[in-house]
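Written out below as structure tokens is the structure these notes cover.
The values are calculated or read from the model by the stated rules, or taken from the named source; none is laboratory data. Everything numeric in this text was worked out from a predicted model, so none of it was measured. Note: ideal-geometry Cβ built from the backbone for every residue, glycine included; neighbour counts use all protein chains shown.
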Amino acid sequence: MPEPNERQRELIDAHEGIYLVDAGPGTGKTFTITRRYASIIDDRGIDPSGVLLLTFTNAAADEMTDRIIEHCDRDLVELADAPIGTFHSRCNELLRRDGLDAPRHLGIEDDITATTQIVEDAGVERLLFEEFYGRFVNDHPQHAEYHQLLRDPMTILSVLNQLMAKGIIPTNDGWYRDSRSALQGDRVAFDALIGELNRPNQGANGATQSDLRSNLAGFGRDRRHAPEAPSAQEIRGERGTTQVDVTWVHQAFNEDRESLVEYIHDLYVSYLEYALGRNILTFGMLQIFAFVMLCEDDAIRTACTFDYVMIDEFQDTSEIQFKLALLLLDQPNLCVVGDWKQSIYAFQYADVGNITEFEDRLQQFVDELNRDRNRVDLDGASVTSIPLEVNYRSPQAIIDLAEDALTTPATGSESIEDAAAIRRQIVSLTAESAQAAPQIEAVQAEAELEAVISKIQHIVGNEHFAIDGGTRPPTYGDIAVLSRTHSFGRELHAVAKNVGLPVVYGGDIELFDTDEAKLVLAWLRILSYDDDRGWALVLEQAGYTVDAIDQLLKTRSFPMALERFKEELKEHHRSDAIARSILERYGFGGEVADSIITTIRSIRTINDFTLGDVIRYLERGIDQRWTRSVDGVDTEPAVTIQTIHSAKGLEFPIVIMANMNRHAFPSGGRGGGRIRFDERVGLRQTHEIASIDDRPHRLASWRWDLLNAALMPTYDEERRLLYVALTRAKDHLVLTAGDNPNQFFEELPVELVEFEPAVEPVDLERTVQTHLGFEVPAQLGPRGISPHDLMDQSVFDDVEDGRGVALGREVHDFAEAYVNGTAKTPSNEDEHRLVTLIDGLDGECEAEVPVYLPLTVGDRQITLFGYVDLLHRTEERIEIIDFKTDATTIAQPEYRKQLSVYYHVLEETEPDKEIVPVLYYTYLDQREQINPLSRAELAEHAMKVVSSEG
DNA sequence: CGAGATGTGCTTTTT
DNA sequence: GCACATCTCG
């Protein structure tokens, strides 16, 4: 067992007071923390129940516990209930013990209960939110404007989660504590930002325009602002002006946001109520309710505080977690351990400022919490910084390179203003590694995948890459390939398998995009509503041709064996048991199948989660390419392929940092929701609904566009990500890039090694999905393109339609239900008109009719597949009626393509009848007959789609 | 050389 | 929808 070094010793022995520990990679962080913990309970004789140790993952908590047991005098039993765990599990325990009524402090008339379930699956959280949102839209017509504005409820969910992580919390009739002002933004910080950004730059011949003015160059380009919005000219001034007149900026900042704040308030409170009503809590809710409980009930807080609190991976904490930790402090004995350079979880609401501005925030948060009465007593304790400076993992050259990465520009145009200031913040590490002469190489090759594989073959068994202090040549198991993205890892995995290189993929996969998951989904659909898509897929899998499937669907007489299996499935009550039967029937027994069953088992326990919900979950999973972990089985020593994020905390003798290409480091734009929250500018809407020609149109908000020009993206986290990746290497490091290397690859001081891949280019069998869901080789057979794909989407962008996708979906669902006789009464104007239309039709009506159109495109045969909204049959003719809920008719030429597909299908299957394609604009109550395109014209449009997809 | 306009290529990470 | 790179003009 190693002896602690001087700094480690200092920390282990220092128990009282506040400690900020900068623990870079490989500095023995876990070792030191566990020793310190042991020292507190052994040397001080403190009971473990008085020492709180917070970690980020359950795995980390387990590891800490194990290591502590090894090192201290207490036995397993004494430590079994020790408070060592994640923030979330701690909050959960606190609430269950003392805080079941916590929501009441917010004026919410409901309780958490002993059986309340925690939603752990992000997909389930989304599904639940979607359901909630649908109800909210119905129940809150006063917020119609915002419902029209939003394209995707998920962006709102992420705003709510962001607010929760910041401790911005609503009450039934207002906002909790300082929440309201936080929504307003930070005027001081924003003005400082503008001041900085609007300073003229220094050119060769004197002052040039400020960054802010430059950012506003494209203001209003490609967007439609309200008529009263200022033009780029007005904001930026004459050519040659160096600064922006900030009057406009201030006007934008001071925008009236009362109704927006009210909307978010109502939504937020309703969401909390919905969750409590359904007896569930999300991770975010756990934390805000625990926070409220600790703030409001002094007796409870006092009863659950600790003499000592230690927090691991402090750079990953969010604002509310910092505050929670303070509230749990009885004595001013706080020890936070982390490394700002490894903060790579901002998307998970980690706030790197917690560690970089620790002292300021500590003071600020304590003041905030003590504003009305004393809750946290730090006794004026000062903060002691303890940097751990010795790295036991990597050679100096690798450490230096990683530190270089922190000041390397991420793009050609980015300039690191003050590299020296960043350098000063870095606690530079000194290597203790035995490996004195590491190989550090950069390899660039057009065929990067082959180059990586070839490089691995070159490294294995190579004395130049000797490891373990130069004592032995490396094997496959000593090498890890790290990538920024999943997709690169998956491709590399496939190609490596192809050439017989032992690899194990250590990340998540798109679980729902597998044949296994699709079959499960298909059968669940069949079980639930005898769904055509379900049958189609099952039949396709059973070997039926498209034509045969078509026929079977029409006559609805399916093969006996399949019908029997369907009956068998009906015997099961639990969705995971159904999934298991399905997978067994098809002989799927691998880790993918296991993961599917595990996932379904974990989600079916959510209260009132029906089979329909499971179906929606799987559908969403395919649609949005959700990934889930699959336990790989590594039988032999194999090269590990991982994302950087998942490799955090690990180490490998040899690291290949691959995929250092421009596209792999996405730019900082934080997603495209129409409502956003930023600490500096507060809660904002990026679009607005305005009435033009008496019709609602969705317009870009000029105020947001203006403010946004000041909120420049930063690449700090990308640099830190690279830092994390490089510091995983114990002995050697190889950087690789394809034909478009990113700036990091270009600028890092690594010798570019000439390298010709010895591996033949592998032509991965490219596959595409058929419309039914199975994968087929790209060059053959039917290929799924929907009529929608033929449409030029830019038409829809040009004239943004303000009525909302949700409305469209609702109206379509209603129409289908109405035709099938299961409908309720219409709930809006569009539906009323549809009812009038449908009731006025003589003859038969059919809704959501699936159609297939085989089409020859170039030398390939593709199949278009879609659903007709409404088929209206009379003796002599068939009307194809397609509903559009848009407020505009400008997309008519695009809709014509879609209807033409339907036309040709019907034309073929119903040769005796006249086929009439009709567009029905529900908003305008306008019916329009369409002149169909020819097959050749359709094929031409399809050609564009096919060729653009490669 | 700087400013503005135009064209291109992508859209991730997961406790 | 966005940021970057490149082109063109003054």
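The helices (runs of 4 or more DSSP H) found entirely in segment A:701-753 that carry 2 or more residues being crowded, with 24+ Cβ neighbours inside 10 Å and within 13 Å of DNA strand B (Cβ to nearest atom) are A:716-726. The condition of being loosely packed, with under 14 Cβ neighbours inside 10 Å, of a type in the set (Asp, Glu), over 16 Å from A:Glu718 (Cβ atoms) and within 16 Å of DNA strand C (Cβ to nearest atom) does not hold for A:Glu359. Close contacts from segment A:694-708, counting a first residue that is hydroxyl-bearing (Ser, Thr, Tyr) and a second that is part of a helix (DSSP H, G or I), with Cβ to Cβ under 9 Å and a gap of 6+ residues or different chains, come to A:Ser701/A:Ala252. Give segment A:569-596 a look and list any residue that's among the polar types (S, T, N, Q) and either within 22 Å of A:Trp626 (Cβ to Cβ) or in contact (Cβ under 8 Å) with a residue 40 or more places away in the chain (or both), or say none. Of everything in segment A:569-596, those that are among the polar types (S, T, N, Q) and either within 22 Å of A:Trp626 (Cβ to Cβ) or in contact (Cβ under 8 Å) with a residue 40 or more places away in the chain (or both) turn out to be A:Ser575, A:Ser595.
Yes/no per residue for (1) away from DNA strand B (no atom under 11 Å from the Cβ); (2) modelled with pLDDT of 90 or more; (3) over 28 Å from A:Cys91 (Cα atoms):
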{"position": "A:Pro141", "(1), (2), (3)": "yes, no, yes"}
{"position": "A:Leu157", "(1), (2), (3)": "yes, yes, no"}
{"position": "A:Ala182", "(1), (2), (3)": "yes, yes, no"}
{"position": "A:Gly195", "(1), (2), (3)": "yes, yes, yes"}
{"position": "A:Ala204", "(1), (2), (3)": "no, no, yes"}
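Where helices (runs of 4 or more DSSP H) fall entirely within segment A:537-648, those with at least 1 residues that are polar (S, T, N, Q) are at A:546-555, A:575-585, A:591-604, A:644-647.
Taking each residue of segment A:102-130 that is under 12 Å from A:Met154 (Cβ atoms) and looking for partners that are among the polar types (S, T, N, Q) with beta-carbon atoms closer than 7 Å, six or more apart or interchain, yields A:Glu125/A:Thr282. Of all residues in segment A:394-435, those that are out of contact with any Gly (no Cβ under 8 Å at 6 or more places or on another chain) and away from DNA strand C (no atom under 16 Å from the Cβ) total 27.
Determine whether A:His147 is closer than 30 Å to A:Arg695 by Cβ and modelled with pLDDT of 90 or more. Criteria not met by A:His147.
Just for segment A:174-210: of the residues that are under 17 Å from A:Thr241 (Cβ atoms) and among the hydroxyl-bearing types (Ser, Thr, Tyr), which one is surrounded by the fewest Cβ atoms within 10 Å (Cβ to Cβ)? This residue is A:Thr208.
Within segment A:378-426, the residues that satisfy the criterion of being in a loop (DSSP other than H, G, I, E, B) and loosely packed, with under 14 Cβ neighbours inside 10 Å are A:Asp379, A:Gly380, A:Ser382, A:Gly412, A:Ser413, A:Ser415, A:Glu417, A:Asp418. Between A:Gly123, A:Gly99, the distinction of being surrounded by 15 or more Cβ atoms within 10 Å (Cβ to Cβ), in contact with a helix residue (DSSP H, G or I) (Cβ under 9 Å, 6 or more places away or on another chain) and at pLDDT below 90 belongs to A:Gly123 only.
Can we say A:Ile453 is away from DNA strand C (no atom under 16 Å from the Cβ), not charged (D, E, K, R) and not assigned by TED's automatic domain parsing to the domain that holds A:Gly587? Here the answer is yes, as A:Ile453 does meet what is asked. In the condition set (1) in a helix (DSSP H, G or I); (2) within 16 Å of DNA strand B (Cβ to nearest atom), A:Val261 is compliant with all but (2). Taking the criterion of being in a helix (DSSP H, G or I), hydrophobic (A, V, I, L, M, F, W, C) and within 16 Å of DNA strand B (Cβ to nearest atom), the residues of segment A:470-498 that qualify are A:Phe488, A:Leu492, A:Ala494. Among the residues of segment A:686-700, the ones that are within 21 Å of the chain's Cα centre (by Cα) and surrounded by 20 or more Cβ atoms within 10 Å (Cβ to Cβ) come to 0 in all.
Taking the criterion of being within 16 Å of DNA strand B (Cβ to nearest atom) and under 23 Å from A:Thr736 (Cα atoms), the residues of segment A:399-443 that qualify are A:Ala410, A:Thr411, A:Gly412, A:Ser413, A:Glu414. Only helices (runs of 4 or more DSSP H) whose full extent lies in segment A:42-149 are considered here, and the ones with at least 1 residues that are closer than 18 Å to A:Val269 by Cα are A:122-139, A:144-149. Within segment A:672-685, being within 16 Å of DNA strand B (Cβ to nearest atom) and crowded, with 18+ Cβ neighbours inside 10 Å holds for A:Gly673, A:Arg674, A:Arg676, A:Phe677. If you go through segment A:353-382 and keep only what is touching a residue at least 60 places away in the same chain (Cβ under 8 Å) and not charged (D, E, K, R), you end up with A:Ile355, A:Thr356, A:Phe358, A:Leu362, A:Leu369, A:Leu378, A:Ala381, A:Ser382.
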